[in-house]
Structures are given as C-alpha cells and as structure tokens.
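Here's the structure, in structure tokens; my notes come after.
The values are calculated or read from the model by the stated rules, or taken from the named source; none is laboratory data. In this text the structure is predicted, and so the values were computed from the model without any measurement. Cβ coordinates were reconstructed from backbone atoms using ideal geometry, including for glycine residues, and neighbour counts include every protein chain displayed.
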Amino acid sequence: MNWYIRGLALAVVFFNASGNYFLSLGMHHLGAMVFVSPASYITAIFHPAVLIGVALLICWLIAQLSLLSWADLTFVLPITALAYVCSALLGAFSLHEHVSLSRWCGIALIAGGVAVVSRTRAATGHPMYRHPGNPQ
Amino acid sequence: MKWILVGIIVACNATGDLLNSFGMRMQGRVHDFAPSGLRRLFHTLVHNRYVIGGVAAMAVAFFALLSLLAISDLSFAVPATAASYLIETVLAKVILKEDVHWQRWLGAFLVAGGVALLAMQ
C-alpha cells in the first residue's frame, strides 16, 4: 500500500468519524424538530456543531473521492469502515452512549475485516487504471 | 420510521459510492493536494456527471442521516447504515468489474458482521 493510499485512508476515517460526532452532538441538541418542516433542516444546518460536522464531512468527501481515484471500491469500503469503530468509541466515551459486549465484538470483527483487506492490492487490473499518464 | 431512514441511507450510499468510484476512475489519480490542485480538481469534478450524480445521491443519504441522528443514538445510526457492504461488493464486481477475490469477500463479510453486531441493542 503506498503512502498516498495510507494517508488518504487515515484522512477518510478521521473526517468521517469526527464529522458524524459533531452532527450527532448538534442533532441531539435540536431533538426531533427536523421532522416539523423542510425549513427546519435549514435551521439545523446553522447550529454550530452541525456546521462543524458539515465542514468535516466536506473534507471527508474530498478525501474519499481522491482515495477512490487510487483504489478499488471493494478495497476502500472495508478499510474506511474503521470510521464506524471510531464513531462507536466516540459515542461511548464522549457522548456517554452505552456500548454492550456485542458492540465490542462488532468492533473486533470490523478491525479483523480491515486487517484482511489491507493485505490485498489496492487497485486491481481494471483497464481504466491503465490509461496513459495513469500507470498502475 | 427509523428503519425506513436506514433503507434510504443504504440505497443512496450504494448508488453514490458506485457512481463516485466510476467517475474518479475516469478522472485519473489525484496527486496534488495543495489549494491550487484542489481548485483544479473541483473544476474538473463539476463537469463529471458520474461524480455529480454520486454526490447528489450522498446528499440525500446525508439528510436522511440527519433525521436518523435526531431520533437514535450515534452508535446505532452510523453502524446500521452500513448494511450496504455486501450489496456494494456484489455491485462493484458486476458493474465496476473489480477483481474481488476471497480476501476481499472475507473482509466484506467480517465488516458487515461487525456492523450488524454494532447495531444490536
């Protein structure tokens, strides 16, 4: 795995987990008001925590798109699943949500899946990766 | 309501990921992460209809996620929306013609199983 792919994968995980954390913080503060009317979505967007979450998720989108330019979707998806582990840990330790034994087992399985996939080649021999100026 | 939102998020995430992956293959590898490079990338991406479609699908998933986060815990909402792993692996093999060998299948199954366990109450 080259350094571009490692760096981009780390960026994807970080921006995704932190973005979802701030969104959750903001949406818990606002409660179920988002169902009242479409305008309430606009109000929700301007909550400071939601704004930070949206900014982080825009960074996540850029990192994710860049990573997809380097690697297969079936490589990117399991690798970036580490964001779910980070989200669960943030939920447990920062938002004080309950994490049961089954959830800890889930975290271990995801880590195992990431370890298995990270040993494979990031981009398989698809012709689209072989055009001039874009070598394997 | 909770599970309807999960369904919308899964469908839109799968569509978005497939379109983005296809669009970024056409785009070529991104090397330049300086502000000027990112500006150039943005200008080319706004003309890439696959990426535009992918981002639109992800925007729908995002608003559904906002609604889901308002009525459920983060540790339920985020993992429950990841049920698309196996669906996306199949679609990537069939549509994107990716070489999905046993290690990737094993990884996808482990992650999907882990995500299912994370979503359990």
Revision key, fill the gap. Scanning the range A:93-106 for residues that are at the interface with chain B (Cβ under 7 Å from one of its Cβ atoms), of a type outside the set (S, T, N, Q) and part of a helix (DSSP H, G or I), the one surrounded by the fewest Cβ atoms within 10 Å (Cβ to Cβ) turns out to be A:CYS105
Check your understanding: Looking at the range A:71-86, is at least one residue in a helix (DSSP H, G or I), modelled with pLDDT of 80 or more, within 7 Å of chain B (Cβ to nearest Cβ) and in contact with a Lys or Arg (Cβ under 6 Å, 6 or more places away or on another chain)?
Key -> yes
Review point. Does B:PHE22 qualify as being touching a Phe, Trp or Tyr at 6+ places or on another chain (Cβ under 7 Å) and either of a type in the set (A, V, I, L, M, F, W, C) or facing chain A (nearest Cβ under 7 Å) (or both)?
Key: yes
Review point. Scanning for something at pLDDT 75 or above, out of contact with any Phe, Trp or Tyr (no Cβ under 7 Å at 6 or more places or on another chain) and closer than 25 Å to A:GLY19 by Cβ, does the range A:121-134 turn up at least one residue?
Key: no
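Report yes if some residue within the range A:29-41 is over 15 Å from B:PHE63 (Cα atoms) and either within 8 Å of chain B (Cβ to nearest Cβ) or not β-branched (Val, Ile, Thr) (or both); otherwise report no. Steps first, please.
Within the range A:29-41, the subset over 15 Å from B:PHE63 (Cα atoms) is A:29.
Filter again for either within 8 Å of chain B (Cβ to nearest Cβ) or not β-branched (Val, Ile, Thr) (or both), leaving A:29.
Among the residues of the range A:29-41, at least one is over 15 Å from B:PHE63 (Cα atoms) and either within 8 Å of chain B (Cβ to nearest Cβ) or not β-branched (Val, Ile, Thr) (or both), which makes the answer yes.
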**Study point:** Hey, B:LEU96 touching a helix residue (DSSP H, G or I) at 6+ places or on another chain (Cβ under 8 Å), at pLDDT below 90 and assigned to a helix (DSSP H, G or I) or not
**Key:** no
Review point. Would you call B:ARG25 of a type in the set (Lys, Arg) and in contact with a His (Cβ under 9 Å, 6 or more places away or on another chain)?
Key: yes
Exercise for review: Determine, yes or no, whether B:ARG39 is within 8 Å of another protein chain (Cβ to nearest Cβ) and farther than 30 Å from A:LEU30 by Cα.
Suggested key: no
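Would you call B:ILE52 β-branched (Val, Ile, Thr) and at pLDDT 90 or above? Spell out how you get there, then give the answer.
Numbers: β-branched (Val, Ile, Thr): yes; at pLDDT 90 or above: yes.
Yes, satisfied.
Okay, residues lined up against (1) farther than 24 Å from A:CYS105 by Cα; (2) surrounded by fewer than 17 Cβ atoms within 10 Å (Cβ to Cβ); (3) at the interface with chain A (Cβ under 7 Å from one of its Cβ atoms); (4) touching a helix residue (DSSP H, G or I) at 6+ places or on another chain (Cβ under 7 Å):
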position: B:ILE8; (1), (2), (3), (4): yes, no, no, yes
position: B:ASN13; (1), (2), (3), (4): yes, no, no, yes
position: B:ALA34; (1), (2), (3), (4): yes, yes, no, no
position: B:HIS43; (1), (2), (3), (4): yes, yes, no, no
position: B:TYR50; (1), (2), (3), (4): yes, no, no, yes
position: B:ALA56; (1), (2), (3), (4): yes, yes, no, no
position: B:LEU65; (1), (2), (3), (4): yes, no, no, yes
position: B:LEU91; (1), (2), (3), (4): yes, no, no, yes
position: B:GLY107; (1), (2), (3), (4): no, no, yes, yes
